[in-house]
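Everything below concerns the one structure shown next.
The values are calculated or read from the model by the stated rules, or taken from the named source; none is laboratory data. The shown structure was predicted, so the numbers you read here are calculated from the model rather than taken from an experiment. Please note: Cβ atoms are built from the backbone with ideal geometry, for glycine as well, and neighbour counts cover all protein chains shown.
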């Protein structure tokens with residue numbers, strides 16, 4: 001599932017094609033994705049102008065001139081592609097099957113933005129813009145990396161009393177929003193913290209190192225356009241390349257770049273965890 005850097009990459013790719021533009025026509029090719037579309041979905045979106053293309057954690061938050069926000073999630077295999085005449089960089093992704101083009105935004109300047117989702121785990125919902133903080137999938141999210149609300153001091157407080165492994169705590173979206181398996185593994189390695197360590201023990205200097213590592217990993221991943229290890233591609237059809245910088249993720253059995261020991265893999269809460277035993281304590 002795309003994590004914060006991938007969704008931010010998609011947002012940046014869609015913004016030139018959609019922000020400030022009117023949706024001239026909305027093509028909806030099925031009744032549902034993961035969930036049914038909102039009542040009168042086409043009528044509520046068609047003709048609206050997109051006033052702001054935003055993001056919260058792993059959600060795209062598209063504010064409309066109708067005072068509603070179109071909230072979109074990519075699920076496991078959702079992908080947006082842009083085609084039209086405004087820039088040569090906009091093109092349909094040849095890797096997608098048109099049979100899975102479920103929603104098409106026809107913008108006022110002739111650009112089309114197509115949502116393709118073979119597995120249909122993504123979704124689109126509408127919510128009043130003035131009340132976004134109470135949207136159920138967002139209201140309990142923690143602060144985002146790179147935000148002013150996230151710091152070592154915040155981590156010290158958020159992890160207090162948590163006996164769960166630090167890996168599980170960091171995947172809890174109520175603790176930190178937008179982090180997923182890839183970037184947690186990478187941040188724990190960079191900070192020298194074992195994924196098995198109890199979250200409540202990550203305080204002081206460890207929290208300092210971890211907060212810094214999380215911000216570094218997320219910033220570098222955004223700069224690299226995210227990680228393409230499955231279905232992810234940006235709105236321009238380009239693949240992310242942060243996976244070329246992985247230090248531990250998906251490197252089971254390969255030598256650690258720091259100490260030469262084999263990278264290990266364990267399963268925590270049903271997810272693969274990659275780490276280096278000698279480097280992470």
The condition of being touching a strand residue (DSSP E or B) at 6+ places or on another chain (Cβ under 7 Å), within 28 Å of residue 119 (Cβ to Cβ), modelled with pLDDT under 95 and not assigned by TED's automatic domain parsing to the domain that holds residue 76 holds, among 237, 178, 225, only for 237
Residue pairs within 7 Å by beta carbon, gap of at least six or interchain, first lying in the range 128-140 and not assigned by TED's automatic domain parsing to the domain that holds residue 72, second modelled with pLDDT under 95 and assigned to a loop (DSSP other than H, G, I, E, B), listed first then second, are none
Check: Just wondering, is there one or more residues in the range 6-25 that are without any contact (Cβ under 8 Å) to a residue 60 or more places away in the chain and over 28 Å from residue 218 (Cα atoms)?
Finding: no
Residue hits (the range 154-174; surrounded by fewer than 16 Cβ atoms within 10 Å (Cβ to Cβ), more than 23 Å from residue 8 (Cα to Cα) and in contact (Cβ under 8 Å) with a residue 12 or more places away in the chain) are 160, 161, 163
* Based on what the data block shows, is residue 103 touching a strand residue (DSSP E or B) at 6+ places or on another chain (Cβ under 6 Å), surrounded by 19 or more Cβ atoms within 10 Å (Cβ to Cβ) and not assigned by TED's automatic domain parsing to the domain that holds residue 242? -> yes
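Yes or no, residue by residue, for (1) surrounded by fewer than 19 Cβ atoms within 10 Å (Cβ to Cβ); (2) over 15 Å from the mean Cα position of the chain (by Cα); (3) in contact (Cβ under 8 Å) with a residue 60 or more places away in the chain; (4) assigned to a helix (DSSP H, G or I):
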{"residue": "176", "(1), (2), (3), (4)": "no, no, no, no"}
{"residue": "179", "(1), (2), (3), (4)": "no, no, yes, no"}
{"residue": "189", "(1), (2), (3), (4)": "no, yes, yes, yes"}
{"residue": "195", "(1), (2), (3), (4)": "no, yes, yes, no"}
{"residue": "222", "(1), (2), (3), (4)": "no, no, yes, yes"}
{"residue": "225", "(1), (2), (3), (4)": "no, no, yes, no"}
Within the range 164-174, residues in contact with a helix residue (DSSP H, G or I) (Cβ under 6 Å, 6 or more places away or on another chain) and assigned to a loop (DSSP other than H, G, I, E, B) come out as 164
Taking the range 122-139 and keeping residues under 28 Å from residue 102 (Cβ atoms) and either assigned to a loop (DSSP other than H, G, I, E, B) or modelled with pLDDT under 95 (or both) leaves 122, 135, 136, 137, 138, 139
